Amino acid sequence: MKLDGTFTFGGPQESVWALLQDPAVLARSLPGVEKLDASGPDQYRGVMKVSVGPVTAAKFDVAVALTDKVEPSHFVMQVDAKGAVGHTKGTAVIDLAPVESGTEMRYSSTVQVGGTIAAVGQRMLESVGRTMMKQALESLDRELKARLANGRSAT
Amino acid sequence: MKVAVTVNGVAYERDIEARLLLSDFLRGDLGLTGTHVGCEHGVCGACTILFDGEPARSCIMFAVQADGHQIQTVEGLASPDGALSPLQQAFHEKHALQCGFCTPGMLTTLTAFLKNVPAPTELQIREALSANLCRCTGYQHIVEAVIVASRTPLP
Amino acid sequence: MKPAPFAYHAPFSLDEALDLLHEHGYDAKALAGGQSLIPAMNFRLATPAVLVDLNRVDSLRSVSRDTTTLQLGAMTRHRTLEQSQDVAQMAPLVSAAMPFVAHEAIRTRGTIGGSLAHADPAAELPAVMLALDASFTLASRSGSRVVPASAFFLGLFTTAMEPGELLVNITIPARADRSAAAFDEVSRRHGDFALAGAAAYVVNGADGKCEVARVGLLSLADRPVLAAEVARLLEGTRPSKESIREAAEASAQVDIDPTSDIHASSRYRRQLAAVLIRRVLERAFLSLEHA
Amino acid sequence: MPAEHRYLSARVTRNEDARLLTGRARFVDDVQVPGMLHAAFVRSDYAHARIVSIDTSAARARAGVVAVYAAADLGEYLTPAPLLVPPPPIPDVVFHARTHLPLARDKVRYVGEPLAIVIAESRYIAEDAVRDVLVDLDPLDPVVDLEAAMADGAPRVHEDLESNAAAKVVQTKGNYEAARQQADLIVRRRFLYDRGASAAIENRAIVAQWDTGAEELTIWDTTQAPIPIRNGMAARLGLLESQVRVVAPFVGGGFGPKIMMFYPEELVIPWVAIRLGRAVKWTEDRRENFYATTQERGQVHEAEMALTREGRILGVRDHFLFDTGAYDPYGLTIPINTQCTLLGPYDIANYDSRFTAVFTNKPIVTPVRGAGRQHGVFVSERLLDLAAKELGIDRVEIRRRNLLGPDRFPHNHGIMFQDSAPLVYDSGNYLPTLERAVEMIGYEQLRGEQARMRAEGRHVGVGVVCYVEGTGIGPYEGARVTVEPSGVVRVATGVGTQGQGHYTVFAQIVAEVLGVDVTNVKVVTGDTREFQWGTGTFASRGAAVAGSACHAAALSVRGKILKLASQLLSVPEDGLELKDARVEVNGSPERGLTLAELAGRANPLRGAVRPGSEPGLESTAYFGPDRGSTASGVHAVMVEVDPETAMVDIKRYVVVHDCGTMINPLLVEGQIHGGVAHGIGNAFYEQLVYDDQGQLLNASLMDYLLPTATDVPPIETDHRETPSPFNPVGLKGVGEAGCIPSGAAFAQAVEDAIGNPAFEILQIPMSPDLLFDLMTEARRG
């Protein structure tokens, strides 16, 4: 599955960059992530719980890695999740660029899904992917706004 | 948990786990193996029983939900003296079964259908039948059997 | 494919049920007809710790009417809706949609409340409720509130219900004079989830102008959606074959956001949307002409 | 056979129905044994991965769990399953046998490959414990697409092989290159056929019980081949064949995959039962069925046909890839069927056919109803349609011009069939079959009305296609016919039944020979204790091969009856007649003996059995045809396509077919109806959709669409009977026929309905989504 799109954050590029590299922010913004601990440079491990419709509180072990960084405009985020209902492996190539209203993020991601969720959930996969992407981005934007409001935007 | 249920006119009481599917209860606990299990997600129709006289999928009901209810299975369709019901007899005459695995669900579904629609059209029969999958017959002889067993004039 | 263990409660009263849902919060799932939930449990996609079975709460099973509304208890089974004269008279769109809802052996168990609360974007009844401008009563231990259908469906399997809340009643405005309804969908096989579907409710004024043109759409976004363009373009006009076609095509461009799956691409769904919106409107307006 | 049959060729209702209609028939999952344990399997979630570790300790510790085994726990029992069908002796054939292990070791090669087995007091607990098993898999790049699999540098399913090629086979006839030079027209296209599931409504199941006292193993198994299972399991477990009893009771549909032998579960369950000394049951659930039961149909063809301007076929060239899945225990049966069936009923002098069987990270491929034949029909019939269009010849007419005439039999094609015998058509008469189908569908009339309907906005199309089908192959089957002292006739044979009606058709054959009522003939089948020689039910061979054995055994018993009656009645044998379960003296019907009396007299308690004779009225006989018989037929369909939604409405379906002498037209029609429904599934609905990681995206009956009663139209049938000279009754097979030409028929009809020359259907299945895309492209030009 491919999920491509753009999203405009209401803040300067440096702030957006800093936000996206902050594991505490990622932990709060990635849907269902309950905790995320550093397991190496730009690598994090944690636990994620997802409830979508018939899927109730499915628990995943999740690993996040940030690579190919070109500050403050480009990086790749990889999210691996494994649980009893299946596994997913998402790779998102992310580019940031300043625009008039703030910072535009372009993302181009591929998501591989396996196990039960792939086998019987295909009808929902794209919707779930899109929904989770949207939730993450909106949550990140809220984080950004909160930071900017708190005057902690300096990088 | 305790469950008291009447199946084919016989009262049963058993102590069971809440998660036990009604299909497994009928087959395993009561030994009524005429009800067949083909998918356990409510699509194939092989496990269809009559629950208080109405067709229902026993694979997507819990046995505890049957407490206090009346169930009829394929074993209860013929007369007590062993004479086949008109529908069963028509299935035999029209060669409406091959491997016979889907047949119990077909018979229960169609028994209820003919009660509500005593003189159905072919399209009505096919729509009623479309709830149950058969891989052997191509449905044609089943449709013919239903016509024979109904009050629809023979073509 | 056997479900994981769970604690099972089968309360007899609504209060008991609400207490249980309050007590167990996120861990609890309400079990209505179970025709979506139990398959998910058999696949172990759903592993709720607690099930609150509503099937013994008799007060939730009712069909009643007054002069202006049809009231449906949430545990009213599809089969009852299908056979009810009150439903046929007050909300013919519901009756028109029922034969498309799965199969008889599913409809004998499935309930209207279960279907709406599940909020499957491919289900028929949520789109019908949007077209009919229905409203839903949500109860919890701390009281109840009424939410219109248009504010109820928030996303994929997501509704305005809070944990501890239960959908208890559905109120559908009685059909207006000079109104008509039509439902249609395209599915791979009879009884399958639709690739796309449309539920139309239209009302003409005494002057022959369209006053209401509400079309609920299913399987065309992450939730049931209303064809807003149809209302915008047709209400206040005398619909013609041409204007209906234009409205349907416009709506299929802007009102929906279809996804792709193995059965239909988003492009194909958009095409189906244009065709189905047009066909249900044509049928509805045609039946008004004949009336 | 006598010209007038009493039971043969009669529309007899079935002996087996009463048990099935009342819920009394026993299927494997109905077997309950005291103290029985239940099994569930831990399966791979990845299509291709290295096994790093499997930790079963938490599962073992769960209450109610009795044992957990992974590959490492099987010890010496961990040996690969056998190669079931070695490749035929085709010159220069390349074949690499790679068969599966009972549980995967080192590497997994498809999603669903079993890694460990959990044994518990209930299936519920076993499934709980499956989730306790910690499996660490290191994913590898999977091999999914057939063409990508054969590209340089592709990851390899079996790393010890140089490539993913499992086999390469070339078969030629005449000189295609030379024929091509003479051609006025060459049509060339690429054709795709995707994977489907057999989808019997009964999933597989196995119960194994070890009787410690008797040292006997009983295996109830949903198999189409109980005797080979018995033989193979005895050898593998180090038991005498007599210590193993395999029972295939009522089996809920086979359709091919239940002939696959020594599935991993089949190997493991009996071993566990012996080890634990308790009965063990495993019933496949529907989700497992989408991985653990074999599948079929993935092929990619590059094919061309060379023709004269009059539409005469000069030759065909077809190069194709065949998806064999992760392992190839069933050899080359399917692609050779494809290769041979492509020639159809046509006079094709020059043929160049070559294929590569390709390993992929998908479930194992073995025959599914049709078994590759539909691919051959699809390719040749489509090429003929395209040629007809190019040449401006009517589609039916181009077929008429190429059919083999009735004087051309037996017809040797000079290539090798799947049974290692040359491809020889035994008998046939194709043109009258075609003409009858054309007449039944009203072809000419429809062609005339099409323009008028088009003007009304209705897109109606018609398709007419031909096929032949190799059926009834060897090696052999046997039967034992016994007249019991009660007068009941017992027939025992080795071929199990999956719904074909063996209890009735074998009874009819025997009843005809012995002059008894069909209901008085009790057939016992699918139990190795009752009959222990034979192979199984496959390749549309049950009636033709086992039926012929029943016939031979019955004739032998008939001889014994007449001989004994002749002695007792002092009347020469030719003065006696068998009728109504009695031997009568011709001309004085009051003089005679019942079969019951004769059976009693043939097994006296005192006196002597004379030298050279045997006690009882019983005979065993075997039948082994040198080669199979060739059935044939024509399917004609009429469809209407909604050009806005791309939905296809099947208006009519006509089948005219020739399966030789019919034992029971009622049952033959049932077989055809079921086959056509399966063919409709293949044509429009059934597709196993794998993503590029080898994950199956529709492993449920919600998304894998089997045709329902509203998707299958009434099927109009007519019969032609050209008896086979290869067996005494003239039988040919019919079980698979219905699904073989349907894809080709619908492709032609839908194309005809759309009527845009740029709109071509070159792949199966054709979902509405695909048709919408094709229509959109064709409109763009």
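For chymotrypsin sites (Phe, Trp or Tyr not before Pro), no site in the stretch B:6-78 is both called loop by DSSP and has at most 16 other Cβ atoms within 10 Å.
Measuring nothing but how far apart in sequence close Cα pairs (under 8 Å, 6+ apart) lie, relative to its length, the stretch A:2-146 scores a relative contact order of 28 percent. The peptide list D:292-299, D:526-533, C:141-148, put in order of mean Cβ contacts within 10 Å with the highest first, becomes D:292-299, D:526-533, C:141-148.
Taking a sphere under 10 Å around the Cβ of D:Asp145 and counting the other residues whose Cβ falls inside, with K and R at +1 and D and E at -1, yields a net charge of -3.
At an R0 of 56 angstrom, the distance between the Cβ atoms of D:Arg309 and D:Ala10 translates into a FRET efficiency of 0.65. Binning the alpha carbon pair distances of the stretch C:192-232 at 5 angstrom intervals from zero yields the distribution 6, 23, 25, 19, 12, 8, 5, 2, 0, expressed in whole percent. Mind running the shape call on the stretch D:87-193? Use the C-alpha gyration tensor, a ≥ b ≥ c as the square roots of the eigenvalues: rounded below 1.5 for a/c, prolate if a/b tops b/c, oblate otherwise. The shape class here is prolate. Extents of chain C, taken as max minus min of Cα coordinates on every principal axis and listed largest first, are 58, 46, 31 Å.
When the P(r) of the stretch A:2-146 is calculated, the portion above 19 Å amounts to 50% of the C-alpha pairs.
From the C-alpha coordinates alone, can you work out the Kirkwood hydrodynamic radius of chain B, in Å? Hydrodynamic radius (Kirkwood, Cα pairs) of chain B is 15.7 Å. With viscosity set to 1.306 mPa s at 10 °C, what whole-number translational diffusion coefficient in µm²/s follows for chain D from Stokes-Einstein and a Kirkwood radius over Cα pairs? Translational D for this selection: 57 µm²/s. Using the Cβ of D:Thr222 as centre and a radius below 9 Å, the other residues enclosed give a net charge of -2, where K and R count +1 and D and E count -1. Of interest is the spacing of the C-alpha centroids, which for the stretch D:734-750 and the stretch D:157-217 amounts to 19 Å.
Grouping the Cα pair distances of the stretch D:537-585 into 5 Å bins from zero gives a pair-distance distribution of 5, 20, 22, 16, 11, 10, 8, 5, 3, 0 percent in increasing distance order. Potential lengthening of the chain between D:Arg780 and D:Asp718 amounts to 18.1 nm, from the contour at 0.36 nm per residue minus the alpha-carbon distance. Between the listed residues D:Gly298, D:Pro589, D:Val187, the Cα displaced farthest toward the positive end of the dipole of chain D, a dipole computed from Cβ unit charges relative to the Cα centre, is found at D:Pro589. According to the Cα-based calculation, Rg over Rh for the stretch C:58-173 is 0.93, with Rh computed by the Kirkwood formula. With each label modelled as a point 7 angstrom along the Cα→C-beta vector, the A:Ala149-C:Leu154 pair spans 1.9 nm.
Computed per residue of the protein assembly as shown from DSSP H runs no shorter than four, each worth -39500 (n - 2.57), the mean residue ellipticity at 222 nm is -8500 deg cm²/dmol. Principal-axis analysis of the Cα atoms of chain C puts helix C:266-290 at an angle of about 70° to the longest axis.
Rounded to the nearest 10 degrees, the angle from helix A:122-149 to the longest Cα principal axis of chain A is 30 degrees. Across peptide C:44-53, the average count of Cβ atoms from other chains found within 10 Å of a residue's Cβ is 5. Only Lys, Arg, Asp and Glu carry charge here, each on its Cβ (+1 for the first two, -1 for the last two); on that basis the protein assembly as shown has a dipole of about 1080 debye about its Cα centre. Pairs of lysines in the stretch A:2-146 whose Cα atoms sit within less than 21 Å of one another amount to 18, provided the residues are eight or more positions apart or on different chains. The magnitude of the dipole of the stretch D:213-285, with charges of +1 and -1 set on the Cβ of Lys/Arg and Asp/Glu and taken from the Cα centre, is near 80 debye. The listed peptides B:103-116, D:419-432, ordered by packing as a protection proxy, come out as B:103-116, D:419-432 (highest mean of other Cβ atoms within 10 Å first). Normalised by residue count, the stretch B:2-76 yields a Cα convex hull volume of 72 Å³ per residue. Subtracting the Cα-Cα distance from 0.36 nm times the residue separation, let me have the gained length for C:Ser64 to C:Ala206 in nm, one decimal. Contour length minus Cα-Cα distance gives 48.2 nm. Neighbours of D:Ser767, meaning other residues whose beta-carbon lies under 11 angstrom from its beta-carbon, give a summed charge of -3 when Lys and Arg score +1 and Asp and Glu score -1.
The spacing between the stretch B:56-135 and the stretch D:231-267, judged by their C-alpha centroids, is 32 Å.
Think of each Lys and Arg Cβ as +1 and each Asp and Glu Cβ as -1; about the Cα centre, that makes the dipole of the stretch C:7-53 roughly 340 debye.
For labels at D:Ala151 and D:Ser566 in the simple 7 Å Cα→Cβ model, what's the distance in nm? Going from the D:Ala151 label point to the D:Ser566 one covers 7.6 nm. Cα centroids of the stretch D:490-540 and the stretch A:74-110: 64 Å apart.
Scoring D:37-45, B:38-46 by mean Cβ neighbours within 10 Å over their residues and listing the highest first yields B:38-46, D:37-45.
Computing FRET efficiency as 1/(1 + (r/R0)^6) for A:Ser101 and C:His22, where r is the C-beta to C-beta distance and R0 is 51 Å, gives about 0.70. Across the protein assembly as shown, the volume of the C-alpha convex hull divided among the residues equals 201 Å³ per residue.
Note on the stretch D:548-645: Rg/Rh from Cα positions, Kirkwood definition for Rh, rounded to two decimals, is 1.39. Note on the stretch C:7-53: Rg/Rh from C-alpha atoms, Kirkwood Rh, equals 0.97. Kirkwood radius for the stretch D:144-246, taken over all pairs of different Cα atoms as the inverse mean of 1/r, rounds to 19.8 Å. On the beta carbon distance between B:Val10 and A:Lys134, with R0 = 45 Å, the FRET formula returns roughly 0.20.
If you fit an axis through the alpha-carbon atoms of helix C:14-24 and take the longest principal axis of the Cα set of chain C, what angle between them do you get, 0 to 90°, nearest 10? That works out to roughly 70 degrees. Span-like helix criteria (full DSSP H runs; alpha carbon extent of at least 24 Å along the helix axis; mean Kyte-Doolittle hydropathy of at least -0.5) are satisfied in chain D by D:373-391, D:547-569. The residue among C:Ala227, A:Gly114, D:Phe95 whose Cα reaches farthest toward the positive pole of the charge dipole of the protein assembly as shown, with charges on the beta-carbon of Lys, Arg, Asp and Glu, is D:Phe95. Since only D:Pro329, D:His673, D:Leu20 are under comparison, the one whose Cα sits farthest along the positive direction of the charge dipole of chain D, derived from C-beta charges on Lys, Arg, Asp and Glu, is D:Leu20.
Coordinate-derived values only; no laboratory data. It should be emphasised that the depicted structure is a prediction, and the values quoted were computed from it without experimental measurement. Glycine also receives a Cβ, built like all others from the backbone with ideal geometry; neighbour counts cover every protein chain displayed.
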